[in-house]
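Below: one structure, written as structure tokens.
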Amino acid sequence: MPHRPPVQQPRAALTIPHSPKATGKRLERVLAVAFMAISMVGGAAQAQEAFPSKPVTMIVAFPPGGPADVLARAMQRSMAKVLGQPVIIENLPGALGALAVQRLLSRPADGYTLIMGSPNEAILAPLSNASAKYKPEDLDLIAPISSHPLVVMARTGLPFASLEELIAASKKPGSQSVTFGSPGHGSMYHIVSEYMAQTTGAKLLHVPYKGATPMMQDLMGQQIDITILPNLGSSTQLLENHKIKALNILDNKRMRTLADVPAISETRINHKEELVHSIWLAVMTKTGVPADRARLLLEASQQGIQSPEIAKVLEPSGSSPMGPQSLPVSAKFYASEIDKFKKMARSIKLTPQ
């Protein structure tokens, strides 16, 4: 007979005796691990919600002592009280404010870095400065602080008492161009002046400077004819001391501190409604800050705006703090400003340099 291998019998299945006690211990361990995981997630969420948990930085795109710096420091104490953390001022001038904005944009959109912004650095620098690698839409406007009408300022020896006279004289055949200075190519003051020349037909010649200080020195020294600036900082003292003179306020009403200077609305200049301009200062952030943090920053900013310190800073210029407004209103205002300045830049054919 042929040999047959032994038949393998199936092994009995391995059985573990049921133990209610062992099962209960395993369930307790599973529940303990799950509870620990839930607690860790909840703790992380609470940690994320605790804002701010460290100092907040306010970047100022100008040197210490300038109008933007003075306003930022006037708001420090009130903002810190609301936030429960110190507010640190970081001055970073240069490139028409582009350096300060780029510093802001290099940091996370977490609400810990703010900037004291204006149209110059937020909107105009990327339109006029080739090295400014950002867009106006990369920033959010949290709270406007103050708005300052622009003033047409002139050297004392200029033989005109008003902007209307200056424009009429410059348009006469054979007349020389009126020189106007600005703190730099693409600044708001440069764009407004060029737009004024285009709108009114005035013959103006741009003389750019690297900052307002050398420009004002040349204005006092009769080297340039006019400039357009807000009535802030050193220009206030120069007007009061009759080192320079004011021709018109680019607003619909006169300023309390320059009561003898007519508003542009009082003149017979054609298209004068297009010459109403003011510069604003605002607390701004990088786009993308969480909504709850943005609301807290808005609350802190508004407390700072309403503080006695701000009133004292603005009083010499005749300006007033801007009223409280919501984040959607601030966003709508900023979008309209972007649109306005982009149209003006296109109109005068502004090119980045």
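The values are calculated or read from the model by the stated rules, or taken from the named source; none is laboratory data. Keep in mind it's a predicted model, so treat the numbers as computed, not measured. Neighbour counts are summed over all protein chains in view; Cβ atoms, including those assigned to glycine, are modelled from backbone coordinates with ideal geometry. Each accessible area value is taken on the protein alone, full model and side chains, heavy atoms only, with ligands, DNA and RNA left out. Shrake-Rupley method; radii C 1.70, N 1.55, O 1.52, S 1.80 Å.
Miscellaneous remarks
- The chain - Kirkwood radius from inverse mean 1/r over Cα pairs (Å): 23.4
- With θ taken as phi - 60° and the Karplus curve 6.51 cos²θ - 1.76 cosθ + 1.60 applied, the whole-hertz 3J(HN,Hα) list for the range 140-154 is 10, 8, 8, 8, x, 9, 8, 10, 10, x, 7, 10, 7, 9, 9 Hz, x standing for glycine and proline.
- For MET58, residues with placed amide H under 5 Å, excluding near neighbours: ILE88, ILE89, GLU90, LEU114
- Residue-wise HN-Hα couplings along the range 264-270, as the Karplus relation 6.51 cos²θ - 1.76 cosθ + 1.60 with θ = phi - 60° gives them from phi, are 4, 5, 7, 8, 9, 5, 5 Hz; Gly and Pro carry x.
- Nearest 10 degrees, 0 to 90: helix 327-347 Cα axis against the chain principal axis: 50
- Accessible area in the full protein assembly, largest first, 1.4 Å probe, for LEU204, LEU219: LEU204, LEU219
- With both residues required to sit in the chain, DSSP beta bridges show an antiparallel share near 60%.
- Probe 1.4 Å, protein heavy atoms only - accessible area per residue of the chain in square angstrom: 52
- Rounded accessible area of GLU309 (nearest 10 Å², 1.4 Å probe): 60
- Under-5 Å amide H pairs with ASN231, H placed in peptide plane, nonlocal only: VAL151
- Dimensionless Rg/Rh of the range 55-153 - Kirkwood Rh, Rg from C-alpha atoms: 0.96
- For ILE279, the residues whose modelled amide H falls within less than 5 Å of its own, excluding neighbours fewer than 5 places apart on the same chain, are HIS148, LEU150.
- Overall form of the range 255-353 per C-alpha gyration tensor (a/c, 1.5; a/b vs b/c): oblate
- Total formal charge among the other residues, if their Cβ is under 12 angstrom from that of LEU139, Lys/Arg +1 and Asp/Glu -1: -3
- To the nearest ten degrees, helix 188-200 and the longest principal axis of the Cα atoms of the chain are 50 degrees apart.
- Among the protein heavy atoms of the range 275-353, carbon and sulfur supply 58% of the accessible surface, probe 1.4 Å, non-protein parts ignored.
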